[in-house]
Amino acid sequence: MNKILHSLLIIILVVLALAGGFVGGVYFTKQQYLKSLLNSSVIASIFAYGEVVNISGNVITLRYNGEELKIPIKDGALIYAYVADDSGEFIQQEVGLGQIKRGDRLNVDISVLPAGDLQGESITILPPAGVR
């Protein structure tokens with residue numbers, strides 16, 4: 001009787017190990033596919049939107065609806081801001097990374113690198129809320 005229970009336990013453990021390997025393999029394959037898909041040249045860009053909560057070097061942290069995302073910005077990224085001209089109209093101007101400050105609302109054009117990391121390609125600093 002003890003031998004039967006022992007054999008049954010081994011069979012159950014083998015089945016569980018195979019099932020776990022199958023589920024893990026499917027998950028890993030799906031993650032790899034998504035990473036390669038987002039890295040595809042067919043997908044021209046992905047945008048992130050949010051309020052700047054932190055800037056550390058070239059890494060900007062955005063928050064939107066309680067979620068945060070850290071985005072490393074590539075060297076030479078184009079950065080535009082809407083700046084009021086003499087008549088009070090907002091026009092788009094190219095600015096430097098140093099112009100971005102906490103509390104700014106940004107649209108960041110991001111790409112997914114082959115390793116799956118994000119990289120900011122360009123940034124638009126949006127005008128204050130309620131301004132058109």
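The values are calculated or read from the model by the stated rules, or taken from the named source; none is laboratory data. Just so we're clear, the structure is a prediction, and the values are computed from it rather than from any experiment. Heads up, the Cβs are rebuilt from the backbone with ideal geometry, glycines too, and the neighbour counts pull from every protein chain shown.
General remarks:
- If you go through region 77-92 and keep only what is small (Gly, Ala, Ser) and within 19 Å of ASP104 (Cβ to Cβ), you end up with ALA77, ALA81, ALA84.
- Verdict on GLY96 being at negative phi and loosely packed, with under 14 Cβ neighbours inside 10 Å: yes
- Condition met for GLU121 (closer than 12 Å to ILE71 by Cβ and in a strand (DSSP E or B)): yes
- Filtering region 44-84 to residues that are in a strand (DSSP E or B), of a type in the set (S, T, N, Q) and surrounded by fewer than 14 Cβ atoms within 10 Å (Cβ to Cβ) leaves ASN54, SER56.
- Once region 26-57 is narrowed to residues that are within 15 Å of THR124 (Cα to Cα) and of a type outside the set (A, V, I, L, M, F, W, C), the residue that is modelled with the lowest pLDDT is SER45.
- For region 85-110, a tally of residues being part of a strand (DSSP E or B), touching a residue at least 12 places away in the same chain (Cβ under 8 Å) and farther than 16 Å from LEU62 by Cβ returns 5.
- When residues of region 116-132 are limited to those that are touching a Lys or Arg at 6+ places or on another chain (Cβ under 9 Å) and free of Cβ contacts under 8 Å to residues at least 40 places away in the same chain, the one surrounded by the fewest Cβ atoms within 10 Å (Cβ to Cβ): ALA129
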